[in-house]
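Peer 1: The structure under discussion is supplied below as structure tokens; questions concerning it will follow.
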Amino acid sequence: MASLDLTHRPRRLRQSEWTRRLVRENVLTTNDLIWPIFIIDGENRREPVGSMPGVERLTIDEAAKEAVRAQALGIPALALFPNTDASLRDETGTEAFNENNLVCRACRAIAKAAPEIGIMTDVALDPYTSHGHDGLMRGDEIINDETVEALVKQALNQARAGCHIVAPSDMMDGRIGAIRQALDANGFEGVQIMSYAAKYASAFYGPFREAVGSGGFLRGDKRTYQMDSANSDEALREVALDLEQGADMVMVKPGMPYLDICRRVKDEFGAPTFAYQVSGEYSMIMAAVERGWLDRDKAMFESLIAFKRAGCDGILTYFAPFVAEQLQKGA
Ligand code: PBG
């Protein structure tokens with residue numbers, strides 16, 4: 001046997017839990033979590049999302065109860081996504097501007113029930129359009145500048161309902177600056193913007209589209225506005241633009257397949273950087289858990305610490321309540 005150079009034995013630091021804890025480089029805490037929840041109309045009702053085991057759509061009263069639980073667990077913020085009734089969807093997404101739409105009502109109910117929790121709302125037209133796109137259409141085209149005007153109206157509507165963070169997920173050009181200006185001009189200087197800055201056209205949104213009921217409507221795909229998954233430098237340009245235009249925080253989405261992008265964005269800008277562990281990522285893990293192929297808690301924690309390692313300040317994840325519960329128990 002060749003002689004080994006054992007001047008260094010890296011295993012020495014892995015011998016037991018106390019030493020592993022001592023040299024651990026990253027930690028996941030409840031402060032890192034944003035919990036996305038799906039809202040439906042009605043009362044006292046929860047509907048399982050078939051493609052997302054363990055995730056339910058909640059009526060506003062149930063969502064308010066979950067907000068109270070989330071607040072008690074120490075989860076800093078919720079992200080709200082409405083499943084709008086098909087009868088309220090139209091070509092131009094009119095329901096997005098209704099001050100009594102699902103999301104606005106949910107904001108008010110949650111702010112009342114759980115005043116310490118941050119409320120984030122999604123700015124994009126897809127839950128409201130009959131074609132399932134995030135923007136307005138002319139023929140087959142998603143028209144940018146008119147869409148930005150609509151998004152500004154939508155963001156103001158959400159701000160008036162009391163959301164704390166608006167999160168434009170639409171990927172139109174110029175929308176961050178337009179939304180920032182409009183918020184400021186209307187007395188909402190304190191409303192934060194988390195931009196979905198590097199959002200890729202991804203197959204991993206499939207289960208989400210079922211959850212919000214937009215999948216069946218979607219005409220074509222979103223590749224003329226969401227990013228090409230082959231690109232990396234372009235993500236830095238997108239993030240630079242959003243930060244210049246006034247984004248307070250930026251997001252990379254999806255998460256696990258784009259950890260390289262998270263790291264580059266954090267290194268380049270040092271801004272508050274978030275990742276969205278999207279529906280398909282959650283469902284992949286849960287499908288394997290259901291088959292007995294993966295241990296849920298281990299896979300959940302390992303998938304989330306990866307984001308911390310990649311430089312993220314926080315993660316939007318459907319695992320949020322499960323993680324927070326485990327952390328509270330001292331996991
Ligand atoms: C819509 C939006 C999507 C997600 C968040 N906001 C889907 C899409 O762009 O089609 C995906 C979230 C997930 O998959 O968990 N603007």
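Peer 1: Give me the distance between the Cα centres of segment 309-331 and segment 93-134, rounded to whole Å.
Peer 2: So the two Cα centres are separated by 24 Å.
Peer 1: Could you give the angle, 0 to 90 degrees to the nearest 10, between helix 259-269's Cα long axis and the longest principal axis of the Cα atoms of the chain?
Peer 2: Approximately 80 degrees, to the nearest 10.
Peer 1: Expressed as a rounded percentage, what relative contact order does the chain have, with Cα pairs under 8 Å and six or more residues apart?
Peer 2: Result for the chain is 18 percent.
Peer 1: Moving to a separate point now. Treat each spin label as a single point 7 Å out from the Cα along the C-beta direction, and report the Ala240 to Ala201 distance in nm.
Peer 2: According to this spin-label approximation, the distance is 2.4 nm.
Peer 1: Under 8 Å for C-alpha pairs, at least 6 residues apart: give me the relative contact order for segment 130-209, rounded to a whole percent.
Peer 2: 28
Peer 1: Further, regarding this structure: Label Ala72 and Ser3 with points 7 Å out from Cα along Cα→Cβ: what is the distance between them in nm?
Peer 2: Going from the Ala72 label point to the Ser3 one covers 6.5 nm.
Peer 1: Using bins 10 angstrom wide from zero, how does P(r) for segment 12-79 break down, in % of all Cα pairs?
Peer 2: Bins of 10 Å from zero give 18, 33, 21, 16, 10, 1 percent of pairs.
Peer 1: Is there a pair in Lys199/Lys308; Lys112/Lys153; Lys199/Lys266; Lys199/Lys298; Lys253/Lys329 whose C-alpha atoms are over 22 Å apart, and which pairs would that be?
Peer 2: Lys112/Lys153; Lys199/Lys298; Lys253/Lys329
Peer 1: Can I ask one more? Rounded to the nearest 500, what is the chain's calculated 222 nm mean residue ellipticity when only DSSP H runs of at least 4 contribute -39500 (n - 2.57) each, over all residues?
Peer 2: -11500 deg cm²/dmol
Peer 1: Follow-up. Contour minus end-to-end for Lys298 and Thr94, with contour as 0.36 nm per residue of separation and end-to-end as the Cα-Cα distance?
Peer 2: Extending this stretch completely gives an extra 69.1 nm.
Peer 1: Mind listing P(r) for segment 182-272? All alpha-carbon pairs, 5 Å bins, whole percents.
Peer 2: 3, 12, 21, 20, 16, 15, 11, 3, 0
Peer 1: Counting other beta carbons within 10 Å of each residue's own, what order do Met256, Met284, Met300 fall into, fewest first?
Peer 2: Met284, Met256, Met300
Peer 1: Note down the magnitude of the dipole of segment 28-328 about its Cα centre, charges +1 on Lys and Arg C-beta and -1 on Asp and Glu C-beta and zero elsewhere, to the nearest 20 debye.
Peer 2: 620
Peer 1: If you don't mind, another one. May I ask you to evaluate 6.51 cos²θ - 1.76 cosθ + 1.60, the Karplus curve with θ = phi - 60°, for each residue of segment 129-141 and list the ³J(HN,Hα) values in order in whole Hz, giving x for glycine and proline?
Peer 2: 9, 6, 9, x, 8, 6, x, 7, 10, 10, x, 9, 8
Peer 1: Hey, fewest Cβ within 10 Å first, where do Trp35, Trp293 land in order?
Peer 2: So the residues, fewest neighbours to most, are Trp293, Trp35.
Peer 1: Right, another one. Which order do Ser3, Ser229, Ser303, Ser279 fall in if you start with the one that has the fewest other Cβ atoms within 10 Å?
Peer 2: Fewest-to-most Cβ neighbours within 10 Å comes out as Ser3, Ser229, Ser303, Ser279.
Peer 1: Can you pull a Stokes-Einstein diffusion coefficient for segment 28-328 at 20 °C (1.002 mPa s), Rh from Kirkwood over Cα pairs, as a whole number of µm²/s?
Peer 2: The calculation lands on 113 µm²/s.
Throughout, read-outs are computed from the coordinates displayed, never taken from laboratory work. Please read all numbers here as calculations on a predicted model, not as lab measurements. A quick note on method: Cβ atoms are made from the backbone with ideal geometry, for glycine too, and the neighbour counts reach across all protein chains shown.
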